[in-house]
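What follows is a single structure, written as structure tokens, with notes after it.
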Amino acid sequence: MTLSLPGFDYHRIPTADGVELNVAVAGSGPAVVLLHGFPQTHVMWRHVAADLAMDHTVICPDLRGYGASDKPAEVDEDTYSKRTMAADVVEVARVLGHATFTLAGHDRGALVAIRAGLDHPGVVTHLLTLDVLPTLDMWDILHGVDAKVAWHLYLMAQPVGVAEPMISAVADTFFASFIDDWVSTPDAIPAEYRAEYLRASREAVPSIVADYRASAGIDVLHDQADRASGHTLAMPVTAIQQDWGTALGYDAAGLWQAWAPDLEHRTLSAGHFMPEEAPAEIIAALRELLAR
């Protein structure tokens, strides 16, 4: 049984290349789009979405390749580039009648959100990212044995056909390892949601790997082009992270400032799954961002 967000209506919305996304919508008013992370689906936003829907139109899609959205075969490097996935989000909002929106993303969804902000500055009015660095910086700060915290990035960066059968052979063990290792408050992800994330991920191994593979290839090239041209995020940005800068020895706020001149950067003591572990703090941060 697929879990859903109570009180939300569900739609299947085609994007520009015909890929259909599963999208939950509720509320009225200015639009806020919430993008999930790995290894999850849109229901990770259940607490935040319910609060925001009291005075906003809240749009929660499953990203292409995840959850109940289409999972197109990886025909080239663009199929799962963050540029393509960002265009999906902009099209979904347009179909729902929203020419502009606030965008929040966690983990993989945050990388899509960053790319949407860079590619569509007239559409994304405010941007919240949770527990990521921009792709180019992420690779730059992973050195030596410290890089083992991101071992899955290297596995899924391999050519087609290498990681997929390995992960499929032990899918539940693989995906559960991230849920269980990255959560600091285990009861924040109840058993039925944990099972939902495992089921959805187990059924999407090729597309999840393709998403990660793009982040070791085409996504890096897109970030490099923006950095070379001095292109930055034009909207107010809030970036919330665990204190990875202290743990891995880099200036997280400084890295973010180079991309986001109008920046609010903060660290949070919660684990990686912030919208589930610390929903009140994330709701407050989003509402503060909306007021900027």
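The values are calculated or read from the model by the stated rules, or taken from the named source; none is laboratory data. Everything numeric here is computed off the predicted structure, so don't read it as measured data. Here the Cβ is made from the backbone with ideal geometry for all residues, glycine too, and neighbour counts use every protein chain on show. Keep in mind that these areas ignore ligands, DNA and RNA; they rest on the heavy atoms of the full protein, side chains included. Shrake-Rupley method; radii C 1.70, N 1.55, O 1.52, S 1.80 Å.
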Axial C-alpha extent at least 18 Å, average Kyte-Doolittle at least -1.0 - helices from the chain (DSSP): 82-95
Residue 268 long-range amide H proximity, modeled H, under 5 Å: 241, 242, 243
For the chain, convex hull of alpha carbons as volume per residue, Å³: 121
Sparse-neighbour loop sites [GluC sites (Glu not before Pro); the stretch 144-246; at most 15 other C-beta within 10 Å; DSSP]: 203
Full-stretch length increase - residue 225, residue 266 - with 0.36 nm per residue and alpha-carbon distance subtracted: 12.1 nm
Ratio of Rg to Rh over the stretch 147-189 (Cα coordinates, Kirkwood Rh, two decimals): 1.05
Computed helical MRE - 222 nm, the chain, DSSP H runs ≥ 4 contributing -39500 (n - 2.57), nearest 500: -12500 deg cm²/dmol
Ellipsoid semi-axes in whole angstrom, largest first, where each is sqrt(5λ) of the Cα gyration tensor of the stretch 22-153: 25, 16, 15
Residues of the chain: accessible area per residue with a 1.4 Å probe, Å²: 38
Most mobile of 143, 98, 11 in a GNM of the chain (Cα contacts under 10 Å): 143
FRET efficiency, 1/(1 + (r/R0)^6) with R0 35 Å, evaluated for residue 185 and residue 147 via beta carbons: 0.85
Gyration tensor verdict on the stretch 228-284 (Cα atoms; rounded if a/c is under 1.5, prolate if a/b is larger than b/c, oblate otherwise): oblate
Percent carbon-and-sulfur accessible area, the chain, ignoring ligands, DNA and RNA, probe 1.4 Å: 57
Net length gained if the chain between residue 169 and residue 76 were fully extended (0.36 nm per residue, minus Cα distance): 31.0 nm
Percent of beta bridges antiparallel (DSSP, the stretch 11-127, rounded to nearest 5): 45
Simple label model, 7 Å out from Cα along Cβ direction - residue 96 to residue 9, nm: 1.1
Packing-based order for 233-243, 124-134, 16-26, using average beta carbon neighbours within 10 Å, highest first: 124-134, 233-243, 16-26
Length added when fully stretched, residue 28-residue 16, from 0.36 nm per residue minus Cα-Cα: 1.8 nm
The chain: relative contact order in percent, alpha carbon pairs under 8 Å with at least 6 residues between: 21
The stretch 146-292 shape via C-alpha gyration tensor axes, a/c threshold 1.5: oblate
Prolate/oblate/rounded label for the stretch 122-163 (Cα gyration tensor, a/c 1.5): oblate
